Amino acid sequence: EVQLVQSGGGLVKPGGSLRLSCAASGYTFNTYSMNWFRQAPGKGLEWVSSISSSSSSISYSDSVKGRFTTSRDNAKNSLYLQMNSLRREDTAVYYCTRVIQWLTANDFWGQGALVTVSS
Amino acid sequence: DIVMTQSPLSLPVTPGESASISCRSNQSLLHSNGFNYLDWYLQKPGQSPQLLIYLGSKRASGVPDRFSGSGSGIDFTLKISRVEAEDVGIYYCMQALQIPATFGGGTKVDIK
């Protein structure tokens, strides 16, 4: 059974840092690209970042570029989102997903991790 | 960025009847490979989103056949035939043709 289990959310002050993790199981992790999405409270979904299976290609939304870093460790079946210089508008539930083809068909989603940026 | 527009915003449905949601993009989502890069997701209350349809009309694994996707280019439709109580939630379309992936604003489906 495919599972994506997220950890690392929490409360952080503006300007602070946080790292989210996404542990994958039940499939061959190193053959799938992965994505990060987020959802601000009461709002819709927003794409954050994509990373290819070998980490050779990584993309970011303009809203997080230069502040967030996506990485993966295929030996540990894990995906990471390092978030620096956090702003209040980064407050959201963050989801990791397995994707069939780059952006399209996010077929498995993590349970979500709430990140709250507040003083 | 590609702008995605969904309608209606809210859709009350009667169990057993059919329902349709429209999604329109401001650029064609038809790739040169012949596929439309349009996904549909359902977010049930309190849950993570789940994939329903990808590449415009391909049903994801485990999705009931009462869900169907159609359309090409800039106009797409998700149809739910024989709506069931478990289908309530917010439905989102998402273009996956180019970065950044972008979503429609969502359509809230609930039971009348």
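Per-residue shielding of B:91-104, expressed as the average number of other chain Cβ atoms within 10 Å of the residue Cβ, stands at 5.
Local charge for residue B:79 was computed over the other residues whose Cβ lies under 13 Å away, with Lys and Arg +1 and Asp and Glu -1, and equals 0. Tell me the net charge near residue B:44. Cut-off is 15 Å between Cβ atoms, residue B:44 excluded, with +1 for each Lys or Arg and -1 for each Asp or Glu. Residues near residue B:44 contribute -3 overall.
With bins 5 Å wide beginning at 0, the percent of Cα pairs of segment B:1-109 falling in each bin runs 2, 14, 25, 26, 19, 9, 4, 1.
Looking only at other chains, what is the average number of their beta-carbon atoms within 10 angstrom of each beta-carbon in B:50-56?
Taking the mean over all residues of the peptide, I get 4.
For chain A, the fraction of alpha-carbon pairs lying more than 26 Å apart is 13 percent, rounded to a whole number. How about residue A:13: which aspartates and glutamates have a C-alpha closer than 15 Å to its C-alpha, ignoring those fewer than 8 places off in the same chain? Result set, ordered by chain and number: A:89, A:90. Extension gain, residue A:88-residue A:54: 0.36 nm per intervening residue step, less the Cα-Cα distance, totals 9.0 nm. Within straight-line reach of residue B:108, meaning a Cα separation under 25 Å, sit the following lysines at least 8 residues removed in sequence or on another chain: A:43, B:44, B:58, B:79.
Take the Cα of residue B:31, go 7 Å toward its beta carbon, and the backbone nitrogen atoms of segment A:93-110 under 11 Å from that spot belong to A:100-105. Inter-chain Cβ neighbour count for B:34-44, averaged per residue, equals 2 (cutoff 10 Å, partner chain atoms only).
Size of the protein assembly as shown from its Cα atoms: along the principal axes, largest to smallest, the extents are 49, 41, 36 Å.
Every number here is computed from the coordinates shown, using simple stated rules; none is lab data. Every value quoted in this text rests on a predicted model; they were computed, and no experiment measured them. Backbone-built Cβ (ideal geometry, glycine too); neighbour counts: all protein chains shown.
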